[in-house]
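Beneath this line is the structure, given in C-alpha cells, with notes to follow.
The values are calculated or read from the model by the stated rules, or taken from the named source; none is laboratory data. Because the structure is predicted, anything quoted here is derived from the model rather than measured. Glycine also receives a Cβ, built like all others from the backbone with ideal geometry; neighbour counts cover every protein chain displayed.
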Amino acid sequence: MSAANGFWSRARRHRSFVAGGALTSLLIATALLSLIWTPYGPTKMSLRYRLKLPSPEHWLGTDQYGRDILSIIMAGAQNSISVGVVSVSIGLVIGVGMGLLAAARRGWIEEVTMRASDFAFAFPAILLAIMLVAAIGPGSVNAIIAIGVFNIPIFARLTRGAAAAVWTREFVLAARAAGKGLTRISVEHVLPNITAVIVVQGTVQFAIAILAEAALSYLGLGAQPPAPSWGRMLSEAQTMIYINPMLAVYPGIAIAISVLGLNLLGDGLRDLIDPRLARQR
Amino acid sequence: MNAPSETVVAAEALHKRYVLPRESLFQPPAEVFALNGVDLEIRRGRSFGVVGESGCGKSTLARVIMGLERPSSGSVRILGQSVYDLGAEDLRGLRRHFQMVFQDPYGSLDPRHKVGRIVAEPLDALEKIEPDVRRDRIVGALESVGLKAGDTDKYPHEFSGGQRQRIAIARALITRPAIIIADEPVSALDVSVQAQVLNLLQDLQAELGVTYMLISHDLAVVDYVCDDVAVMYLGQIVEQAPVSQVFSTPRHPYTKALLAAVPRPVASRRRRRSQLQGGVISQMALAVGCPFADRCPEAQPRCQSESPALRSIAENHRVSCHFA
Amino acid sequence: MTALLAVDNLEVALDTAHGPARAVRGVSFSLERGDTLGIVGESGCGKSMTALAIMGLLPEAARARGTVSLEGRDLVTLDEDALCGIRGNRIAMIFQEPMTSLNPVHPIGRQIAEPMRLHRGMSRAAALAETVRLLDRVGLPNPESRVGNYPHQLSGGQRQRVMIAMALSCTPDILIADEPTTALDVTIQEQILDLIHDLVDELGMALILISHDLGVIAQTVDRLLVMYGGAIIEQGSTQAVFDRLAHPYSQGLFAAVPKLGQGATRRLATIPGTVPDVSQMPPGCAFAERCPRVLGICREKMPEMTVLRPDHAAACFALGQTGADRR
C-alpha cells in the first residue's frame, strides 16, 4: 500500500522518531538480553566486593551488598518493560472498550463512563497508584494492576473523543444506511480509524508507567526484594549517597533514557501520523 | 400509459423538528423546523428529484426516508412497510430494497477498507453468503459502474473523485435495491466527471430498472435524470410535477424565481434584476401563512395569514399557492 | 499608455513529490479599467494559481516567473513589504468560502475597517463610518447594528457581501473574485453577481472572475480565457467564444453541462479520461490524450494561439475542422 511505504521513508528521516526508536530499542534489547545473560547474577551478593568502583570486572562497579550494578540495571529493564507493557495493555483494552461504547451509545452510558473517568482523573496518577497498592498490598503484580487502573480513564477519554469524531463521518452514515449495527460499526469502521491516535498515546503511557513503577518501587510498594528494580535501586542508594553517589546516578540515567526514548518515539509517531492522515484524502 | 406501477416510497405528513442546545437557563431551547408536513409518493420506474436551496429540508428529507433519523411525526413506507415501526432485524432486511449514495466522494468511503469490502458492505450487513457468491456480486457491481474486477483490492485513496463516486454507486447497487436515494451525488465533482456519472446513473436506470430519489440544488441535473420533481422551500413541498412541466411552465412564484436565477451558458450581458431580495429567513419559527410570503413578488395580504395547501391543479401537478 | 494590468508569459512551478510541476504555463493577458475578464476551467487547470501569482500569494512550494505588471510596475520581483502595500489597496481578492476567509473571532466591522486603517491611515471613527456606508452599499440590512456581528451570525450570502465590502474598502483598481458564488444558493448567487457587477461599473474597476460555471461566466464578463493544464487554450470576447466554441476542450466542456429545459433528450457528451497530473504533463498539448480530434503533432509540440476572428483565438492544431455549433 503506497501510503505505508511513504510512512517508512518519512519515518527514517524524522529525528525524534529515529532517536526515540533507537533508545526504545536499546531498552527492549537490554531487557531481552538480560533474560538469557547478565554479567553476574543480579541478586548475587558478595561481601568481599562491596562498593567497588567501575573496573574491567564490574563495568559500573558494585553496590553496598556487592551486587554488580550493570547486572541489576539490565535485569531492572525487564521489570520496567513488563510492568509497562502489561499495565498499559490493561488500561488500553478496558479504556478503549469503554470509550468506544460511550461514543456509540451516547446518552446515559456516555455520561456514566465519562464521569467515572473524570472521577479517576481527579486523583494525581501516582497518588492513585499508591492508594490502590496500599489497599491491595505491595508487589509487582499489584503495582501492575494499580498502574493499569489509572491508565483506564486516559484511554477512555481519548478514545471517546476520537471515536465521536469518526462517528460524524459520512462513511459511518453509509454503514448505518446499509444496515450495520453499532457494535459492528465500532469494530469495523471506528476502531481502525482511531488506532493511530491510540498507539501514540500508548507510547506516552508506557513512559509514564515506567516512571510510576519506579516511584512505587522507590517507596517500597513495587517489586519486592530481591527482584531487581530501578526504583528500589534509587531508594537503596540514598543511604550510600556520601560514599558513592554514582549508585543513584546509574538507575536514574536508566529511567531517564527509557522515558526520554519513549517520549521521543511518541512525538515522532504523532508528527508522522498526522500528515499521513491528511494525505489519505 | 401502462398500468399504474408499484409505489416504492410513500411518505405521509412528515414533520421533523430539531431541538437546539439551550442558550440560556431562563428560556426554552430554540427549535429548528426542518420538515413541516411533507407528503410524497415515488413509483417504480419514475425517478423523483427534490430541489431547493439551503434550509429547505431536502437533506433532512433524504435521511428521514432512509430510516436514519426518526421524524417527529408522520410515516415512511418502503414497498408498503412502515420503516419506523419495524424491529431492528426486519428493518435490516428491508434495507436491501433501499440504499443511499452520498455527496462527498472523499468522506463516504472508509479510507481503511479496501474497495471490495466497501462495496460489499450492504450485503455483509444483511446475511452471511458464500465467499464465491460474494465475490461475484462485488465484481458485478463494480463492472456495472464501469470499474474493473482488479479494483477490488485497492484503497479509496488510489481513485479520483469521480471513480470514488462510482464505488459509492456500486455499493448502493449491490443488493439490487428498488430505489436508490442519492443526496447531491455529483455536486462535488468537476463538470466533465459529473457528466460521466450522470450518464452512468441514466444507464443504470435503463438497464437495471432502478428508481432514484435524487436530491440536488442543481436544477439541470434533476432535469436530466428524473421524471418527476418536487421543489421544496422551508420544509415544505411548494410545487411538484413531471420535470418537463415544472421547468417549462412553473406555477409557484418560488419555482419561477429559482428558474430565472439559474445562469444559462449563453452569452448575454443584460443584467437581470433578481426577483428575490434577501435570503431564506430562519427556520426557527413556524410561519403562519405561506412560508414564502415575505419574499414573494406576488404576495397578497391573504398569504400572510393563510397557509396554502398543496393541491392538484392539473394531472400530476401539485402547487401550494393561493394564486397558482 | 501602459495597461492597468499586463500579465506576460506567467509561469508558476510547484515543487511536488515527483519533481517540479508547471501549474501555470505561459499565461498572458492584459486588463484595462472597466474590463471584465473571466477565467474558466475545471479544478487543476491553474486558474486559481494565476490569481494567487498576481497577488503574490503563492504557497511556499511555488515559484513564479514571467511578468505581472501593474501600470508598468512588475509585481513578480517585488518584496513582501511592497506587495503588502498593493494587496487590498490596488488589487483586492475575494474567495470562495467566506466562512474560512473571514476570521471567526473578529467582528466583521473590524475586519472591513482593517484594510482602510492599514493602507489609508484612517482613524477608528472614520473607518467605522466608512464601514457602515460600505455595508449599506453591499446590501446588508441594518448596517449600523451589524458591525459588531461575528461571521457565524451571518448567512453565507451575507458573509460574501462582507467579503466584498472588505475588498472594496480601499477602492482598488482591480478586483479578483475566485469562485465567489460557488458555495451559495442559486438565488443568492444571482444577487451577489448583480452586486459585483454594479460595483465594478460604479467604481470603474477591472474585474477578474474565476469560475468553473459556464453560465456564470457567460452572463457576467465581457471577455474570457479558457484554461486547461495550466495554459490558456481559448480566449476572446464572451459573445464570440460562446457563439462558436473552437477548441475541442471548450466544446467538450460545454457539451458536458446539463442544460435546463433540455431534459434527457440529448445524452451528455463526456470527455473520456481525466485531467493529467500536474507533475506528469505530457510534452505537447495537455489535452492530447483525451482529444477527439488529436493529430500526431499534438503530442509533440504545444500549439500556439491562432487568431480565428478579431476577438477570438484558440491554441489548437486541429482548428481547421469545423467548430461544433453550440446547439
| Boolean, A:Ala223 is surrounded by fewer than 21 Cβ atoms within 10 Å (Cβ to Cβ), of a type in the set (Gly, Ala, Ser), away from chain B (no Cβ under 14 Å) and closer than 21 Å to A:Asp63 by Cβ | no
| query | Is it the case that segment B:16-32 has a residue that's in contact with a strand residue (DSSP E or B) (Cβ under 9 Å, 6 or more places away or on another chain), at positive phi and of a type outside the set (S, T, N, Q)? | reply | no
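Residues checked against (1) touching a residue at least 60 places away in the same chain (Cβ under 8 Å); (2) surrounded by 23 or more Cβ atoms within 10 Å (Cβ to Cβ); (3) within 14 Å of chain C (Cβ to nearest Cβ):
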{"site": "B:Gly49", "(1), (2), (3)": "yes, yes, yes"}
{"site": "B:Val64", "(1), (2), (3)": "no, yes, no"}
{"site": "B:Leu86", "(1), (2), (3)": "no, no, no"}
{"site": "B:Leu91", "(1), (2), (3)": "no, no, no"}
{"site": "B:Arg96", "(1), (2), (3)": "yes, no, no"}
| Filtering segment B:137-182 down to residues that are among the polar types (S, T, N, Q) and within 30 Å of B:Ala10 (Cβ to Cβ), which residue is surrounded by the fewest Cβ atoms within 10 Å (Cβ to Cβ)? | B:Ser144
| Just checking, which of A:Ala178, A:Ala165 is hydrophobic (A, V, I, L, M, F, W, C) and in contact with a Leu (Cβ under 9 Å, 6 or more places away or on another chain)? | A:Ala178
| said: So, restricting to helices (runs of 4 or more DSSP H) that lie completely within segment C:72-181, which ones have at least 3 residues that are of a type in the set (Lys, Arg)? | reply: C:124-137
| message | Here's a check for you: in segment A:226-248, which residue that is crowded, with 16+ Cβ neighbours inside 10 Å and not hydrophobic (A, V, I, L, M, F, W, C) is farthest from the chain's Cα centre (by Cα)? | response | A:Asn244
| request: Could you list all residues from segment C:136-146 that are closer than 25 Å to C:Leu193 by Cβ and of a type outside the set (Asp, Glu)? | output: C:Arg137, C:Val138, C:Gly139, C:Leu140, C:Pro141, C:Asn142, C:Pro143, C:Arg146
| query | Any idea which of C:Thr265, C:Thr274 is in a loop (DSSP other than H, G, I, E, B), surrounded by fewer than 19 Cβ atoms within 10 Å (Cβ to Cβ), at the interface with chain B (Cβ under 9 Å from one of its Cβ atoms) and among the β-branched types (Val, Ile, Thr)? | reply | C:Thr274
| request: Hey, can you tell me all the residues within segment C:127-148 that are on the phi > 0 side of the Ramachandran plot and within 27 Å of the chain's Cα centre (by Cα)? | output: C:Gly139
| query | For segment C:141-171, what are the residues that are buried (at least 21 other Cβ atoms within 10 Å of the Cβ), of a type outside the set (Lys, Arg) and within 14 Å of another protein chain (Cβ to nearest Cβ)? | reply | C:Gly157, C:Gln158, C:Gln160, C:Val162
| said: Which of the strands (runs of 3 or more DSSP E) found entirely inside segment B:28-109 contain at least 1 residues meeting this: farther than 24 Å from B:Asn316 by Cα and not aromatic (Phe, Trp, Tyr)? | reply: B:31-43, B:73-78, B:98-101
| request: Of the conditions (1) at pLDDT 85 or above; (2) more than 16 Å from A:Ala102 (Cα to Cα); (3) buried (at least 19 other Cβ atoms within 10 Å of the Cβ); (4) not polar (S, T, N, Q), A:Ala129 clears all except one; give me its number. | output: (1)
| query | For B:Gly45, are the conditions met, namely being touching a residue at least 60 places away in the same chain (Cβ under 8 Å), farther than 22 Å from B:Arg171 by Cα and touching a helix residue (DSSP H, G or I) at 6+ places or on another chain (Cβ under 9 Å)? | reply | no
| message | When you scan segment C:301-318, do you find a residue that is under 23 Å from B:Ala267 (Cβ atoms), part of a loop (DSSP other than H, G, I, E, B) and away from chain B (no Cβ under 13 Å), even just one? | response | yes
| message | Being polar (S, T, N, Q), farther than 29 Å from B:Leu259 by Cβ and free of Cβ contacts under 8 Å to residues at least 12 places away in the same chain: is that true of B:Ser75 here? | response | no
| task | Name the residue, out of A:Ile69, A:Ile94, that is touching a strand residue (DSSP E or B) at 6+ places or on another chain (Cβ under 8 Å) and either on the phi > 0 side of the Ramachandran plot or β-branched (Val, Ile, Thr) (or both). | result | A:Ile69
| field | Exclusive hit being in contact (Cβ under 8 Å) with a residue 12 or more places away in the chain and within 28 Å of B:Gly55 (Cβ to Cβ), set C:Val76, C:Val105 | value | C:Val105
| query | A:Pro251: buried (at least 23 other Cβ atoms within 10 Å of the Cβ) and in contact with a helix residue (DSSP H, G or I) (Cβ under 9 Å, 6 or more places away or on another chain), yes or no? | reply | yes
| message | I need the full set of residues from segment C:282-300 which are among the aliphatic types (A, V, I, L, M), part of a loop (DSSP other than H, G, I, E, B) and buried (at least 17 other Cβ atoms within 10 Å of the Cβ), in order please. | response | C:Ala286, C:Val294
| message | Going through C:Leu209, C:Leu199 one at a time, which residue ends up being within 13 Å of the chain's Cα centre (by Cα) and either outside any helix (DSSP H, G or I) or over 24 Å from C:Leu260 (Cα atoms) (or both)? | response | C:Leu209
| Looking only at segment B:180-211, which residues are out of contact with any strand residue (DSSP E or B) (no Cβ under 9 Å at 6 or more places or on another chain) and under 18 Å from C:Arg266 (Cβ atoms)? | B:Val191, B:Ser192, B:Gln194, B:Ala195, B:Gln196, B:Val197, B:Leu198, B:Asn199, B:Leu200, B:Gln202, B:Asp203, B:Ala206
| field | Residue tally, condition crowded, with 19+ Cβ neighbours inside 10 Å and more than 14 Å from chain B (Cβ to nearest Cβ), over segment C:172-221 | value | 11
| request: Could you list all residues from segment C:244-262 that are touching a residue at least 12 places away in the same chain (Cβ under 8 Å) and either at the interface with chain B (Cβ under 7 Å from one of its Cβ atoms) or buried (at least 21 other Cβ atoms within 10 Å of the Cβ) (or both)? | output: C:Leu245, C:Ala246, C:His247, C:Pro248, C:Tyr249, C:Ser250, C:Gln251, C:Gly252, C:Leu253, C:Phe254, C:Ala256, C:Val257
| request: Test B:Glu127 against the stated conditions and say whether it is surrounded by fewer than 23 Cβ atoms within 10 Å (Cβ to Cβ), free of Cβ contacts under 8 Å to residues at least 60 places away in the same chain and either at the interface with chain A (Cβ under 9 Å from one of its Cβ atoms) or closer than 19 Å to A:Val172 by Cβ (or both). | output: no
